[in-house]
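The values are calculated or read from the model by the stated rules, or taken from the named source; none is laboratory data. Please read all numbers here as calculations on a predicted model, not as lab measurements. We place every Cβ from the backbone using ideal geometry, glycine too, and count neighbours over all the protein chains shown. For the accessible areas, the whole protein counts, side chains as well, though only heavy atoms, and no ligand, DNA or RNA atoms are used. Shrake-Rupley method; radii C 1.70, N 1.55, O 1.52, S 1.80 Å.
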Amino acid sequence: MKIIIQGGRVVDPANQTDGLFDVLIEDGKIKAVGKNLPVGQDVRLIDARGLLVTPGLIDMHVHLREPGREDKETIATGCAAAAAGGVTSLACMPNTSPVNDNKSVTEFILRRSREVDLVGVYPIGAISKGLRGEEMAEMAEIWEAGAVACSDDGRPVMNALLMRRALEYARLFDFPLISHCEDLNLSADGVVNEGYISTLTGLKGIPAAAEEVMVARDLLLAKMTKGRLHIAHVSTATSCALIRQAKQEGVQVTAEATPHHFSLTEDLVANFDPNTKVNPPLRTQADRQAVIEALADGTIDAIASDHAPHTLAEKEQEYDLAPFGIVGLETLLSVSLTNLYHTRKLDLLTLIAKLTVNPAKILNLPAGTLSVGSAADICLIDPEKRIVVDASRFYSKGRNTPFHGQELKGCVVMTLRAGRVVFPRDTAEAVAGER
Amino acid sequence: MFKRKDLLGIQELSREEICFILDTAESFKEVLTRPIKKVPTLRGKTVINLFHEPSTRTRVSFEIAGKRLSADTINISPSASSLTKGESLKDMAKTLEAMNPDIIVIRHPIPGAPHFLAQKAKFAVINAGDGAHEHPTQALLDLLTIREHKGKIEGLKVAIVGDIIHSRVARSDIFALVKMGAAVKVVGPPTLIPPLIEKLGVVVEYNLERGIADCDVIILLRIQLERQNRLFFPSIREYSRLYGLTLAKLSKAQKDVLIMHPGPINRGIEIDPQVADAPFSLILDQVTNGLAVRMALLYLILGGES
């Protein structure tokens, strides 16, 4: 089976390609990228005129919730949401129940993902057993089973000695440790950014320093151990500055930012909508702009959604009681295009790199490129089409997004995974297969 | 004029609305002095007091206010309600709504809970205190008390002293006083002053003597005794030595200074008994005015048009 994607603007940062080309797919792999590729017999043509043709997106920070909280999300619904968001590879966090701190959980996630067979799923193991922050999880076993990184995401590793040892130990595998930077003593019981909005609303604040002291600590530990550190969901201006400085000093650090942190600010919280409750919290306008600058100058390498689905009942509560988290797989690209590309902060090659080749490099994934011979994971994007976010139409079980009702510019038109169209799909089939 | 469905906070009220509420409250004060202190204004209306936190004065004040206006008042407290059985606030709102009450007066430990309730249901909602956010009826009764004794609010110098960061009274008082043209200082240790509070139009002062210098009105806040465990200050003893208001420290304020406190007071901690019981202490006037303000609000929200 051959497919030719004709006449689109191919944006492939891995090869620094940006131009009008056809893409030939054969047996699920990229066979050729070139001008006016000959159309032979038995070829399916996809008309991509006016569209961007990019590598399938990679979301390196997703909570799939299965095993354990299948009421929030399953591997099937999460993968369907990914496909709808143009994401063909995702890395899923270990804070499931049971925690992914051993190979049986890693293997379960990989097996379920293969059965679902929509997008590539790469499990992230825990740094500490049970995410308790006390002793190291058996990283070698998790790595052998197929995990691509370790993280205690959702919780910080409060014990600096444990973090030091984990960074050292992970050098065995050339494997990044993904740090959720938060000093729990400083964040206390906070639920929103500490500042004007916490003062105005009386909601308890999480100071920027709760993140920054841990970013600083982990950068020092990475420097000392020569371990590979990846900072998750960078949200403050000072975090950006610390990472920028560490990179200049040659520390092996990478970082990601979420669409909500570079698009929204704490001002949204003033109406007490629990869909604005996220950790780290939405910060100030100055922080938001600093994150965008850090994306533009390469300090922040990747854009990741921190897709965190919750049930409606959990989110429809008083602000303090609602859990932290925003779903992001299905708005990842549209929000990024709207707030980074259409605002001229990032050009397309830079933006798409942060959604493809950069996270692929951080996690050593065989993905994120349209190079000949690689898997035909492809995203077709209409960069100009205006959409209004309607959370009720998400494939994800989660509806918790502050972007609901917002108009965005640019959207995913089609997603191919190994040469197979995984979005758009027959709705009836989707519902029968995934709920 | 007052045309709102709910009273959720002072922040969203205009100066005109505040004056109208105060004027209405003043007219209700007369009712409170009659031999038969009951008028039929809200006959057939139902007021539910839904108090998720312990409260004596506010709950009793709303209950008496409702009864003086002939409304049927019902009290629900968490220990006696289905909330202890795991029912969500949303489901409770729906259940109460099915009984068709006219007003829910809610006290809740979490900021925004009254707003949540007001969005979910048709009945009117009065915020009787939501966490550290707002306590609008307290601010209104404070304004009424100040206006009665000073004849005005505009141009007065008011100090709010104590645990500002955790205080809904402080926030509502600040919104109210700044709107009415008073000059407001907040006074307390740096750990109990929230960040960027200057943006609300107030001046911050850490030193009590300097904070109350030249003030016309001093509003003291209750210090919550458990705060010392959360590292806000070393001890009650030290807090009291620095911020407890005594007659000696008061000599720095205006001669005709007024002392107010939302209660309940910690005698000998934030307020010396000689200050609490002095003739210029308006603590009990505040309680009386609270009744008038709450009658006015129940009337304006429910009966105003009929």
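Note on chain B: semi-axes of the ellipsoid equivalent to its C-alpha gyration tensor, largest first and rounded to whole Å, are 32, 23, 17. Run through every distinct alpha carbon pair of the protein assembly as shown and return the Kirkwood hydrodynamic radius in angstroms, one decimal place. That comes to 28.4 Å for the protein assembly as shown. The smallest convex shape that holds all Cα atoms of region A:59-120, its convex hull, gives 68 Å³ per residue. Across the accessible surface of chain B, with the other protein chains kept in place and a 1.4 Å probe, carbon and sulfur atoms take up 54 percent.
Helix A:103-116 and the long axis of chain A differ in direction by around 30°, with both axes built from C-alpha atoms.
In terms of distances greater than 30 angstrom between alpha carbons, the cross-link table entries A:Lys2/A:Lys385; A:Lys129/B:Lys120; A:Lys409/B:Lys179; A:Lys129/A:Lys223; A:Lys129/A:Lys397 yield A:Lys129/B:Lys120; A:Lys409/B:Lys179. In terms of overall dimensions, region A:274-326 has a Cα radius of gyration and Dmax of 13.8, 41 angstrom. Charge dipole of region A:56-363 (Cα centre as origin; +1 on each Lys and Arg Cβ, -1 on each Asp and Glu Cβ, all else neutral): 720 debye, rounded to the nearest 20. Tell me the carbon and sulfur percent of the accessible area for region A:56-363, rounded to whole percent, probe radius 1.4 Å. Looking at region A:56-363 in its full context, I get 49 percent from C and S.
Relative to the longest principal axis of the Cα atoms of chain B, the long axis of helix B:15-32 lies at roughly 80 degrees. What separates the Cα centres of region A:79-135 and region A:315-355 is a distance of 21 Å.
Accessible surface buried by the B/A pair amounts to about 1700 Å², both sides summed, 1.4 Å probe. In summary, the aspartates and glutamates within cross-link reach of B:Lys249, defined as a Cα separation below 14 angstrom excluding same-chain residues under 8 places away, comprise B:Glu209, B:Asp214, B:Glu270, B:Asp272.
Relative to the dominant Cα principal axis of chain A, helix A:160-169 is inclined by about 30°. Summing +1 for each Lys or Arg and -1 for each Asp or Glu among the other residues whose beta-carbon sits under 12 angstrom from that of B:Leu141 gives -1.
Considered as an equivalent ellipsoid built on the Cα gyration tensor, region B:30-180 has semi-axes of 28, 22, 12 Å, the largest given first.
A simple spin-label model places pseudo-atoms 7 Å from Cα toward Cβ; at B:Glu53 and A:Val39 they are separated by 7.0 nm. When region A:98-179 is described by a simple charge dipole with +1 on each Lys and Arg Cβ and -1 on each Asp and Glu Cβ, the residue from A:Pro98, A:Leu118, A:Met163 located farthest towards its positive end is A:Met163. A dipole drawn for region A:188-332 from +1 and -1 charges on Cβ atoms has a positive end, and of A:Leu242, A:Ile206, A:Val327 the residue lying farthest that way is A:Leu242. Using the 1.4 Å probe convention, the accessible area of chain B works out to 41 Å² per residue with neighbouring protein chains retained.
Size descriptor for region B:124-209, Kirkwood hydrodynamic radius: 13.2 Å (Cα pairs only, one decimal). Looking at the calculated P(r) for region A:56-363, what percent of the C-alpha pair distances fall above 28 Å? The proportion of pairs with Cα distances above 28 Å equals 33 percent.
Solvent-accessible surface (1.4 Å probe) assigned to A:Thr77 amounts to roughly 0 Å². For the peptide A:105-112, the mean number of other protein chain Cβ atoms found within 10 angstrom of a residue's Cβ is 0.
If you put +1 on each Lys and Arg Cβ and -1 on each Asp and Glu Cβ, how big is the dipole of the protein assembly as shown around its Cα centre, in Debye rounded to 20? If you can, show how the numbers build up before the last one.
Working: 85 positive and 90 negative charges, 229 e Å.
The calculation lands at about 1100 debye.
Computed over region A:189-308, the P(r) tail beyond 25 angstrom holds 22 percent of alpha carbon pairs.
The accessible-area loss of region B:124-157 on complex formation, taken against its chain alone with a 1.4 Å probe, reaches 20 Å² or more at B:His133. In this structure region A:56-363 gives 31 Å² per residue of accessible area when probed at 1.4 Å with all protein chains present.
For chain B, excluding the exposed loop sites themselves (trypsin sites (Lys or Arg not before Pro), DSSP loop, at most 16 other Cβ atoms within 10 Å), the longest remaining stretch covers B:153-251.
Only protein heavy atoms count here; under a 1.4 Å probe, B:His135 has an accessible surface of about 10 Å².
Please compute the average number of Cβ atoms from other chains found within 10 Å of each residue's Cβ in peptide A:318-327.
What the average comes to for A:318-327 is 4.
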